[in-house]
Amino acid sequence: MLALKSGRLITARNLHRNLRPIITTSQRSRQISTYNIDIAGLTEEQAEFRNAVAEFAERELAPRAAQIDKSNNFPSDVWEKLGDMGLLGITVSSKYGGLDLGYFHHTLAMEELSRASGSVALSYGAHSNLCVNQIHRHGTEAQKQKYLPDLIAGKKVGSLAMSEPGSGSDVVSMSLRADKIDGGWKLNGNKFWITNGPTASTLVVYAKTAPERGSKGITAFIIENTFEGFSTHQKLDKFGMRGSDTCELVFDNCKVPEENVLGQVNKGAGVLMSGLDLERLVLSGGPLGLAQATFDYAVEYVHDRKQFGQPVGTFQLMQGKIADMYTSINASRAYVYAVARACDRGQISRRDCAGAILYSTEKAIEVALEGMQCLGGNGYINDYPMGRILRDSRLYAVGAGTQEIRRMLIGREFNEQFKSS
């Protein structure tokens, strides 16, 4: 595994060896990890990659996670640190500074970053998958050369904008309009709930170039935050994922040059839908990491906490909770990893990309609730991480498509299969 950084090649093995010892200032440091590499089926190289990301996250993110949540601000210094690790271009060619790896590695990175800070990981996913990966997959050579190096280095922040105030799940009903003008396009309208919106310098934005054609009249554009007519409105005050900056985008006669069309005119729906499958997969690592963080904290806590003269973890009801959480996490991970490996083989299954995030999200929320219960009264106190993890896990039930839409998509895939048989 190779990453081109500052004119030299770096391997995951070297990253792992050069990382400094983990230092954490959290109230209760995680002394153990219950992640089972053998059961997860990781190769030696994949295990080294995961360990490198895990140590980075423990050092750079975990000690700050609570404050990031309280402040409702993403730590801007983290972008270039992620870039130095090579994590912002995992699926991108080394020609542009990427790692030349696949979606399995990207999902591993998402999982380990989420284990330390759900909100930082969410912004990371929006940048590295929704923006960087889409430009790499669909951009012209000139677009890749212009945008990818700085995005992969963390010098610029990326975002993707699909949803609007009036079109969330029904994304193809978007009303952001792009009208043809000399030398390019003029965009008018709004986008809403946009992750990284307040700080993004490079955004992949979908707009209607032929509204009368419905889904066949959508085009993707690469927008720079310096374009005339582009602005952002208020940053949203969210229930969870508070360190992941989110806002509304405003396009008021925003002028976009012709060379910033991503893909083909009126072919944006294909770009959008193909990207959603991979988005669902990579973001599935988020619930996995949050669930693992919950379990690691809870299982240590219940063996430290004593009542009636013995650790509460030795009581049978608590043993049942431990068993249920552990099996739920491993079942989720097995499904997500299997889908990721299939995608790396080119076998992208829409129903299973949706299924992976559907199942991992449900289990992450269940595990977070059980973990909170394991801590008793302390689980309800913000000095402990359970409330933050629960709030962060709830995002995945509505973000990147709701659980209801995922179920509908899976059912529709089977309807189509039997219709054609």
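The values are calculated or read from the model by the stated rules, or taken from the named source; none is laboratory data. Everything quoted here is computed from the prediction, not taken from an experiment. Cβ sites come from the backbone with ideal geometry, for glycine too, and all protein chains shown count toward neighbours. Just so you know, the surface numbers come from the protein's heavy atoms only, side chains and all, with ligands and any DNA or RNA stripped out. Shrake-Rupley method; radii C 1.70, N 1.55, O 1.52, S 1.80 Å.
Against the chain, whose longest principal axis is taken from its Cα atoms, helix 103-116 shows a tilt of about 60°.
What the Kirkwood sum gives for region 173-317 is a hydrodynamic radius of 18.2 Å, with every pair of different alpha carbons counted. Take L101: with every protein chain present and a 1.4 Å probe, its accessible area is about 40 Å².
What is the chain's relative contact order, in percent, from Cα pairs under 8 angstrom and six or more apart in sequence?
Details: 804 pairs, mean separation 66.1, N = 421.
That works out to 16 percent.
The simple Förster model, with R0 at 30 Å and r as the Cβ-Cβ distance, assigns N36 and I348 a FRET efficiency of 0.65.
Size check on region 330-421: the Cα extents along the three principal axes, sorted descending, read 55, 26, 18 Å. Size estimate for region 87-225 follows the Kirkwood approach: the inverse of mean 1/r over distinct Cα pairs works out to 15.8 Å. In degrees between 0 and 90, to the nearest 10, how far off the longest principal axis of the chain does helix 316-344 point, with axes built from Cα atoms? Orientation of helix 316-344: about 30 degrees from the principal axis.
Comparing E58, E141, E112 in a Gaussian network model of the chain, where Cα atoms under 10 Å apart are tied by springs, the biggest mean-square fluctuation is seen for E141. Local charge for E248 was computed over the other residues whose Cβ lies under 11 Å away, with Lys and Arg +1 and Asp and Glu -1, and equals +1. Fully extending the segment from D252 to R341, taken as 0.36 nm per residue of separation minus the present Cα-Cα distance, adds 27.8 nm. As a calculated quantity, the FRET efficiency between S175 and F315 at R0 = 60 Å, using C-beta atoms, amounts to about 0.60. Here the sum of -39500 (n - 2.57) over DSSP H runs of 4 or more residues, divided by the residues of the chain, equals -15000 deg cm²/dmol at 222 nm, to the nearest 500.
In a simple Cβ point-charge model (Lys, Arg +1; Asp, Glu -1; nothing else charged), region 350-421 has a dipole of about 260 debye relative to its Cα centre.
Over its Cα atoms, what ratio of radius of gyration to 2.2 N^0.38 Å does region 265-306 give?
Values: Rg = 18.9 Å, N = 42, 2.2 N^0.38 = 9.1 Å.
Dividing the Cα Rg of region 265-306 by 2.2 N^0.38 Å gives 2.07.
When the charge dipole of the chain is built from unit charges on Cβ atoms (+1 for Lys and Arg, -1 for Asp and Glu) and taken about the Cα centre, the candidate among V398, I181, C247 whose Cα reaches farthest toward its positive end is I181. To the nearest ten degrees, helix 268-283 and the longest principal axis of the Cα atoms of the chain are 10 degrees apart.
What is the diffusion coefficient of the chain in µm²/s, taking the Kirkwood radius over Cα pairs and the Stokes-Einstein relation at 10 °C with a viscosity of 1.306 mPa s? Before the final figure, lay out the partial values.
Details: Rh = 21.9 Å.
Result for D is 72 µm²/s.
Computed over the chain with a Gaussian network model linking Cα atoms closer than 10 Å, the most mobile of A364, A40, A293 is A40.
How high is the FRET efficiency from L369 to T226, r the C-beta distance, R0 60 Å, rounded to 0.05? Present the calculation step by step, with values, prior to reporting the outcome.
Working: r = 44 Å, r/R0 = 0.74.
Calculated transfer efficiency: 0.85.
Label separation (F418 vs D324): 3.2 nm, computed from points 7 Å beyond Cα along the C-beta direction.
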